[in-house]
């Protein structure tokens, strides 16, 4: 998990990551500060080399917050409170990940649907335009009204205002 993440983000470590990382490691097994540093280097393929100046003060803060405890052999272990916090972080991460996946799926589907709809609209527009001579005046006016409304919507989005113009059979705008 960690090595996959590092391969995507490189060496940039977001704020708060070290704290979560240490809790995650210590929930797997008790470790010393040196073992935490060594494990981080191995898991990231050397892309992240946390210094003792980062790890030991952070271990002190985690101790002070009651999230970990130190044993006689110098190893740190996650407390029940630490496990609870780590579990909450994982749950929040999973929820965010699921929402992100939905957004990305909808986004991709939205692009696909947009292209499909544009193809269909083009086909319908071509069919209607090629049959103008068979339409009644009411049908032609309705078709023109639709086209002008759609062009106005596009123009507003592009911040180009299309002014109302007289439209006849020979001049769309």
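How much length is gained on full extension from residue 81 to residue 61, taking 0.36 nm per residue of separation minus their Cα-Cα distance?
Using 0.36 nm per residue and subtracting the Cα-Cα distance, I get 5.8 nm.
Fewest to most neighbouring Cβ within 10 Å: what's the order for 135, 31?
Ranking 135, 31 by Cβ neighbours within 10 Å, fewest first, gives 135, 31.
As a footprinting exposure proxy, order 37, 95 by other Cβ within 10 Å, with the fewest listed first.
Lowest count first: 95, 37.
Read the figures in this text as sums done on the coordinates, not as results from a lab. The shown structure was predicted, so the numbers you read here are calculated from the model rather than taken from an experiment. Methodologically, a virtual Cβ is constructed for each residue, glycine included, from the backbone with ideal geometry; neighbour enumeration extends over all protein chains shown.
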